[in-house]
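Down below is the structure, laid out as structure tokens.
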Amino acid sequence: MEPSDIVGKTKEDASLPKATMTKIIKEMLPPDVRVARDAQDLLIECCVEFINLISSESNEVCNREEKRTIAPEHVIKALEVLGFGEYIEEVYGAYEQHRLETVDSVKSVKWSNGAEMTEEEALAEQQRMFAEARARMNGGG
Amino acid sequence: ISVGRVKKIVKLDKDISRINSEAMFLISSSTELFLQFLAERSAQVAMEKKKRTVRIGDLREAVKRHRPTADFLLDCLPMPPPPSDKNTHKDRSKVTAPPSFYTKSIDAFFRK
């Protein structure tokens, strides 16, 4: 990886909301523990790098499958490949919750690029993939 | 973490053309988990050292301890600060040692 890939381009242009991040950080710590300001800033930068990493890998997964739009299953696969498979369960749970909240207003969910699946089929397909990923994760250790 | 902000960061990558909004949500959730993970681990390191304030060195140590994270993040972290007044009381070993373990191994690599 070239240093120029890492340095500069995201820092000035877009970052994550500091207040939200600080709140999340504090929630994870015991009440009497503080975080130095430069460490806080660094944590935020690490998250930005994480986003770049995941989106980049998701993009590659997407391209390998010859799809044009990055879909949830590509992100799941990327997480697994990068070694963050342990996040998948929790992330999936949050995603399901989010879906349930939005699906009431949107009857037909266009799930992947042009594929003609009914919502039930799409959900079943997704369940199958997550189960596979989980099995791989548990089997692989 | 707001999906909108995450989206802005993702869009900065010119290789990425289109991304489903649900996929954005997943990335956003994962990032939040990642932040929690790093924060918690860094705090653990600080507490092991009986410190009450989490510093960059603690974060660095936490990153090193988790292989997938170390693989992508270690290069991005700033180098430890040069010896200064702050380091005089406890961390003498860090002050007298060569600037970093990494440069040493790189040098060794080139000497071969």
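The values are calculated or read from the model by the stated rules, or taken from the named source; none is laboratory data. Here the structure is a predicted model, which is why all the values come from computation and not from measurement. Cβ placement follows ideal geometry from the backbone for every residue including glycine, while neighbour counts extend to all protein chains displayed. What goes into the accessible areas is simple: the full protein's heavy atoms, side chains included, and nothing from ligands, DNA or RNA. Shrake-Rupley method; radii C 1.70, N 1.55, O 1.52, S 1.80 Å.
In order along the stretch A:16-33, the Karplus-derived 3J(HN,Hα) couplings, from 6.51 cos²θ - 1.76 cosθ + 1.60 at θ = phi - 60°, round to 8, x, 4, 4, 4, 4, 4, 5, 4, 4, 4, 4, 8, 9, x, x, 9, 9 Hz, and Gly and Pro are given as x.
Summarising the amide proton neighbourhood of A:ILE70: residues at separation of 5 or more, or on other chains, whose placed amide H is nearer than 5 Å comprise B:ARG18, B:ILE19, B:ASN20. If you wrap the tightest convex hull around every Cα atom of the stretch A:11-83 and split its volume per residue, you get 116 Å³. Residues whose amide H lies under 5 Å from that of B:VAL54, counting only those 5 or more places away or on a different chain, are A:ARG34, A:VAL35, A:ALA36; hydrogens are built 1.01 Å from N in the peptide plane. Treating r as the C-beta distance of B:ASP15 and A:ALA36 and R0 as 25 Å, the FRET efficiency rounds to 0.10.
Inter-label distance, A:ASN63 to A:LYS26: 4.2 nm, where each label sits 7 Å from its Cα along the C-beta direction. Exposure check, 1.4 Å probe, all protein chains in place: B:ARG18 carries approximately 100 Å² of accessible surface. The calculated FRET efficiency for B:GLU48 paired with A:ARG134, based on their beta-carbon distance and R0 = 35 Å, is about 0.65.
Shown are A:HIS98, B:HIS66, A:HIS74, whose ranking by accessible area with a 1.4 Å probe and every protein chain present, most to least, is A:HIS98, B:HIS66, A:HIS74.
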